[in-house]
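Asks: What follows is a structure written as structure tokens; I'll ask about it next.
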Amino acid sequence: MKKNLIRLLATVIDRYRAWRDPIGFARRLGVRVGADCRIFGDPSVIFGYEPYLVEIGDHVTVTHGVRFITHDGGVWVFRQDNPDIDVFGRIRVGNNVFIGLNAVILPGVCIGNDCVIGAGAVVTRDVPSGTVAAGVPARRICSIAEYKQRMVVRAVHIRSLPKDQRRRWLEENLP
């Protein structure tokens, strides 16, 4: 009973530390994280069992629910014949990348610089620099330049407004 309570307390403390400083916590797990990054969510869940196989460049946002999967668990079906079988792959994320809500990055994938990975994407292969990729499996949607062109037309410039003024503007101006 006492050991279970201690284990539970340790888990709560870890989750609190992860919530307070997700970058520092990810680094303590072994993830290589560059400068000016943002991680939303619990790094102990996001980076799985081999966090030391994940490398993240500078100015990267990892949103809630993203998962970095560094091993292929499917080889479990071969364990009767090959009890020691495992398949691993490093995951590398370049600089200036945004990874959307609930995306899954599979083993051995490299995401280049200046990329956007769409929400819910399952990234099964490398994503070249300057690409917006989305879908299951993730595929190229457009270039980052095309994406910027589309977004600039749709953009509103209210980010610096105080929260209450921003809300009022949005409620009054969006259909």
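The values are calculated or read from the model by the stated rules, or taken from the named source; none is laboratory data. Remember, predicted model here, so these are calculated numbers, not experimental data. Note that we place each Cβ from the backbone using ideal geometry, even for glycine, and neighbour counts take in every protein chain shown. Side chains included, ligands, DNA and RNA excluded: accessible areas come from the protein's heavy atoms. Shrake-Rupley method; radii C 1.70, N 1.55, O 1.52, S 1.80 Å.
Asks: Just the Kirkwood number for the chain, please: inverse of mean 1/r across all distinct Cα pairs, in Å, one decimal. Please list the in-between numbers first.
Replies: Values: mean 1/r = 0.0551 Å⁻¹.
Taking every pair of different Cα atoms in the chain, averaging 1/r and inverting gives 18.1 Å.
Asks: Right, here's the next one. So what J values fall out for region 102-114 if you push phi through Karplus, 6.51 cos²θ - 1.76 cosθ + 1.60 with θ = phi - 60°, rounded to Hz, Gly and Pro as x?
Replies: 6, 5, 10, 10, 8, x, x, 8, 10, 9, x, 7, 6
Asks: Something else about it: Among the trypsin sites (Lys or Arg not before Pro) within region 110-175, which fall in a DSSP loop and have no more than 13 other Cβ atoms within 10 Å of their own Cβ?
Replies: Values: sites: ARG125, ARG139, ARG140, LYS148, ARG150, ARG154, ARG159, LYS163, ARG166, ARG167, ARG168; in loops: ARG125, ARG159.
Sparse-neighbourhood loop trypsin sites (Lys or Arg not before Pro): ARG125, ARG159.
Asks: Relative to the longest principal axis of the chain, what angle (0 to 90°, nearest 10) does the C-alpha long axis of helix 2-20 take?
Replies: Helix 2-20 and the main axis of the chain meet at about 30 degrees.
Asks: In addition: Given H placed on each backbone N at 1.01 Å, which residues far from GLU50 in sequence or on other chains put an amide H within less than 5 Å of it?
Replies: Those qualifying (amide H under 5 Å, at least 5 residues apart or on another chain) are THR70.
Asks: Where only protein heavy atoms count, and the probe is 1.4 Å, what is the accessible area per residue for the chain in Å²?
Replies: 67 Å²
Asks: On to the next question. Please give the contour-minus-distance gain from LEU8 to ARG150: 0.36 nm per residue of separation, less the Cα-Cα distance, rounded to one decimal in nm.
Replies: Working it through step by step, the gained length comes to 46.3 nm.
Asks: Based on the Cβ-Cβ distance of ASP72 and ARG38, what FRET efficiency does E = 1/(1 + (r/R0)^6) give at R0 = 22 Å, to the nearest 0.05?
Replies: It comes out at approximately 0.20.
Asks: By how many degrees, between 0 and 90 and to the nearest 10, does the Cα long axis of helix 163-173 differ from the longest principal axis of the chain?
Replies: Between the helix axis and the principal axis of the chain, the angle is about 60 degrees.
Asks: As I understand it, the value is the acute angle between the Cα axis of helix 144-154 and the longest principal axis of the Cα atoms of the chain; what does it come to in degrees, rounded to 10?
Replies: Helix 144-154 and the main axis of the chain meet at about 50 degrees.
Asks: Using a 1.4 Å probe on the protein heavy atoms, what percent of the accessible area of the chain belongs to carbon and sulfur?
Replies: That share works out to 56 percent.
Asks: Next up: Taking Rh as the Kirkwood radius computed over C-alpha pairs, what is the Stokes-Einstein D of region 77-174 at 37 °C in a medium of viscosity 0.692 mPa s, expressed in µm² per second?
Replies: 206 µm²/s
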